[in-house]
Amino acid sequence: MKKFSFKDPIQRREFLRGGVRYGMLAGLAAAAARAVSNGGGRLADQTCTNKGICDGCVEYPACELPQALSARQAKAAPNSGGAYEEILRIPGSDTPSLHLEIGPDDRLYLATGNAIIVMSQEGVREREIALEAQARCVAVAKDGTLFAGLRDHVEVFDPKGARIAMWESPGPRTWLTGLAVGESDLFAADAGGRVVLRYDLAGKLVGRIGEKNEERDIPGFVIPSPYFSVRIHPDGLLRVNNPGRHRVEAYTFEGEFAGAWGKASGLIDGFCGCCNPTRIALLPDGRMVTCEKGMPRVKIYSITGEFESVVAPAAAFPKNVKVGPGERSIGASLVGVAAATDSRGRIAILDHITGEIRILQPTALGRV
Amino acid sequence: MTGVGALLGKLAGAVSPKATVWQIDPAKCLRCGKCADHCVLEQSAVKCVHAYAICGYCDLCTGYFGPEPTELNTAAENQYCPTAAIQRRFVEDPYYQYAIDETLCIGCAKCVDGCNRYGNGSLFLQVRHDRCVNCNECSIARVCPGDAFVRVPVEQPYLIKTTPTTS
C-alpha cells in the first residue's frame, strides 16, 4: 500500500476533498440534531403527558398543545381570572345530573336521576318533582310552569310540581337536549333529529327550525353527540349551538337563518375539538355564555360573537378534564359542563363529572 | 383399567383451562402508546379499530387531525397518525368516513387519544388475533398502566364498543 504523503499534490488534494466532504456531512447532521432538540418536530408529535391538566405539569412551559396554549392565553387575557368570581359551590351527589337551569325566579332547577330538584342559589332544596324517566332539559316559564324534556317527549308541570300534560313524541329518533320557553312558544332542541322543534304552549308542533335546506340557505345542524341547546335572545331571535360546525347560529321563530359566528380552534377564542360548543346560555344583556367539552371551559362572547372573557378555564375542572367524551366515566352519563344564568348576571355551572354546581358572580371587570 | 382411564380423562378435562386469548378492555385503556413498543412481534399485534355506529363522521375529526391543523385535508402535516393509517373519505357535506388501514397501523393510540378526548370514542385498540401469537405472558400486559389486558374466551376474542358512553 502506498504510504500517504502530504507532499504529494494528488494525495493532498484527495485528502482535502475528503475532509471537506465529511465536514459538510457532519455539519448537516449537527444542524438536524439542533432542529430536533429545539422541537422542530410537528405539533402532532406531541402528546399530553398529564391528561390535559396544565397546572403543575413539568412540560407546561414549553408545551405547544392546545390546552397549554389556551391556558397561557387565559392567564394573559385582560379579563381572565377577573371577570367572574366563584361565590358558592354546591356539592354533587352520586346520582348523575344531566341538566341545570335557572328559572325566572332565580331558583336552580337540576335534572338529576328521575327527578327535577328545585333549590335556592344557596343550595337549599325546596322541592323535588318526580319523573318517570330522566329529564335531559328543563325550561321554566314566567308563571312557573315547568317543561321537562324526557328523551323523546315533553312533559309539563304546574308550579307546584304536578304533571298537567305529556306531549306527543315527534318520532323515534327524537332526543331532546335543550328547551326554551317564550310568551307563547316552546322550542325544543332535538339532537337526534338535528332540528329545533317549535311548539305552542298547548303542545302542538307548529314548526321545524334549522333542517338542511339549500333553497333557504340553511346549512343544517351537525350534532355528533347529544349536546344541543336553544335559547330565546332578547333581540327576538333564537340562538342555537351547532357543535359540528363550531358556531352559534341565529334563527327567526319562523326558521329563517339569521347569521352565525364562531370558529374551530383550540385557542381561547375558538371552540376546541370536533364538536363544540356543547351548550349556550344568555346573560340578561344578551351576551352569550358557551360551554365546551374535551377541554371543559365556560366563556363569554359579545352579542356579535366577539370573545370577551373566560368564566371558568379547563384548569378549574381537574376531574372533568381527565374524562374525555369517549371514555366511560363512572356515575356520569355526560361529560363537560353546563351553564345557566340568572337575572343578576350570575352564572351557575354544573360539572357533569363531579355533580358540583358552582355559582359565580361578575366582578367589576365582568360587569358591562 | 378402563374405569381408571375414564376417571383420569375426566380429571384432565376438569383441570385443563378453557382456551383464552389476550384482549384489551377499551374501558381501561389509557392510550399510553406502549402497545406499539412492547409487543414481541416486530409490528405490534395491537391495532386501532373503528366502531362506525358511534362515530360522528366529523369534518374536523380529532382522531384524524392533529392539534390546530393548517387545513382540513389529508396532507401529512395535518394528520395525527404517524403512519397515515387512517383513510379519510368524503361522504356528504359535512360528513367524512374514517377507516383504519391495519397494514399501516402500529397501535400507538394517538388517534384513540384524540377521539376519546374530544369525540365520541369510536376509535379504540384491540389485539388482532390474526397476528397475535398469544404469549403465555403478554409483554404488553406486563407494562400496561391501566391493566387493560384481560383474558377472554377464544369464542369471543374481541371486546367491541357498541354504544357511545354518553346517554
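Rule-based calculations on the coordinates, nothing more; no lab input. Note that this is a predicted model, so its numbers are computed, not measured. Reconstructed Cβ throughout: ideal geometry from the backbone, glycine too, with neighbour counts over all protein chains shown.
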Which residues qualify? For B:GLN79, with a placed amide H closer than 5 Å and at least 5 residues away or on another chain, they are B:GLY66
Could you run the Karplus curve 6.51 cos²θ - 1.76 cosθ + 1.60 with θ = phi - 60° over region B:27-33 and give me ³J(HN,Hα) per residue in whole Hz, x for Gly and Pro?
6, 9, 4, 9, 6, 7, x
May I ask for the Rg/Rh ratio of region A:69-362, computed from Cα atoms with Rh as the Kirkwood radius, given to two decimals?
0.93
Can you give the mean number of other chain Cβ atoms that lie within 10 Å of the Cβ atoms in peptide B:57-66?
5
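Calculate how large, on average over all directions, the projected area of the Cα convex hull of region A:197-284 is; give the answer in nm² to one decimal. Walk me through the intermediate numbers first.
Details: hull surface 25.8 nm².
For region A:197-284, the mean projected area of the Cα convex hull comes to 6.5 nm².
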For the Cα atoms of chain A, what angle does the longest principal axis make with the long axis of helix A:66-76, in degrees from 0 to 90, nearest 10?
80 degrees
Net charge (Lys, Arg +1; Asp, Glu -1) of residues whose beta-carbon lies under 11 Å from that of A:VAL118, A:VAL118 excluded, is 0
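With each run of n ≥ 4 DSSP H residues scored as -39500 (n - 2.57), what mean residue ellipticity at 222 nm is computed for chain A after dividing by its residue count and rounding to the nearest 500 deg cm²/dmol?
Values: 2 runs with 40 residues, N = 368.
Here the helix-only value at 222 nm equals -3500 deg cm²/dmol.
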With unit charges on the beta carbons (Lys and Arg positive, Asp and Glu negative) and the dipole taken about the Cα centre of chain A, which residue among A:GLY355, A:LEU28, A:SER169 sits farthest to the positive side?
A:LEU28
Once the Cα atoms of region A:236-330 are picked out, what are the Rg and Dmax in Å?
13.7, 42
Other-chain or far-sequence residues with amide H under 5 Å of A:GLY207's (modelled H)
A:ARG198
Quick check: net charge around A:ALA130, other residues with Cβ under 15 Å of its Cβ, Lys/Arg +1 and Asp/Glu -1?
-1
Applying the Karplus parametrisation 6.51 cos²θ - 1.76 cosθ + 1.60 with θ = phi - 60° to the phi angles of region A:153-167, what ³J(HN,Hα) value in whole Hz is obtained for each residue in order, glycine and proline being reported as x?
7, 10, 10, 10, 10, 6, x, 8, x, 8, 6, 10, 6, 9, 7
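Counting other C-beta atoms within 10 Å, which of A:PHE15, B:PHE90, A:PHE257, B:PHE124 has the fewest, and how do the rest follow?
Details: A:PHE15 13, B:PHE90 10, A:PHE257 16, B:PHE124 25.
The most exposed by this proxy come first: B:PHE90, A:PHE15, A:PHE257, B:PHE124.
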Selected from A:ASN276, A:GLY262, A:ALA189, residue furthest toward positive end of dipole (region A:179-318; charges at beta carbon):
A:ASN276
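Quick one: A:ASP152, A:ASP94, A:ASP190, fewest Cβ neighbours within 10 Å first, how do they rank?
If I rank by nearby Cβ atoms, fewest first, I get A:ASP94, A:ASP152, A:ASP190.
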Hz values of 3J(HN,Hα) by residue in region A:219-230 - Karplus curve (6.51, -1.76, 1.60), Gly and Pro given as x
x, x, 8, 10, 10, x, 8, x, 10, 7, 9, 9
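Within region B:18-153, how many Lys pairs that are eight or more residues apart, or on different chains, come under 22 Å at the alpha-carbon? Don't jump to the answer; show the numbers that get you there.
Details: B:LYS28/B:LYS47; B:LYS28/B:LYS110; B:LYS34/B:LYS47; B:LYS34/B:LYS110; B:LYS47/B:LYS110.
Eligible lysine pairs with Cα atoms under 22 Å apart amount to 5.
I'd like the mean, over residues of A:251-263, of how many other protein chain beta carbons sit within 10 Å of each residue's own Cβ. Don't skip to the end; give the middle numbers.
Values: counts 0, 0, 0, 0, 0, 0, 0, 0, 0, 0, 0, 0, 0.
The per-residue average across the peptide is 0.
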Using a 10 Å cut-off around each Cβ of peptide B:20-32, what is the average number of partner chain Cβ atoms that fall inside?
1
For A:ILE303, what is the net charge nearby, where nearby means another residue's Cβ is under 12 Å from its Cβ and Lys, Arg count +1, Asp, Glu -1?
-2
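Out of every Cα pair in the protein assembly as shown, what percent are spaced more than 33 Å from each other? Could you put the intermediate results ahead of the total?
Values: 68472 of 142845 pairs.
Value for the protein assembly as shown: 48 percent of Cα pairs lie more than 33 Å apart.
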Lysine pair count for chain A [Cα-Cα under 24 Å; pairs on different chains or 8 or more apart]:
21
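Sum -39500 (n - 2.57) across every DSSP H segment of at least 4 residues in chain B, then divide by the residue count to get the 222 nm mean residue ellipticity, nearest 500. Working shown, then result.
Numbers: 4 runs with 33 residues, N = 167.
Computed mean residue ellipticity for chain B: -5500 deg cm²/dmol.
Using a 10 Å cut-off on Cβ atoms, rank the peptides A:213-222, A:292-301 from the highest mean neighbour count down.
Working: A:213-222: 13.9, A:292-301: 26.5.
Going by the mean number of other Cβ atoms within 10 Å, highest first, we get A:292-301, A:213-222.
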Between the alpha-carbon centers of region B:115-167 and region A:177-195, tell me the distance in whole angstrom.
39 Å
Give me the percent of Cα-Cα pairs in region B:18-153 that sit more than 27 Å apart, rounded to a whole number.
20 percent
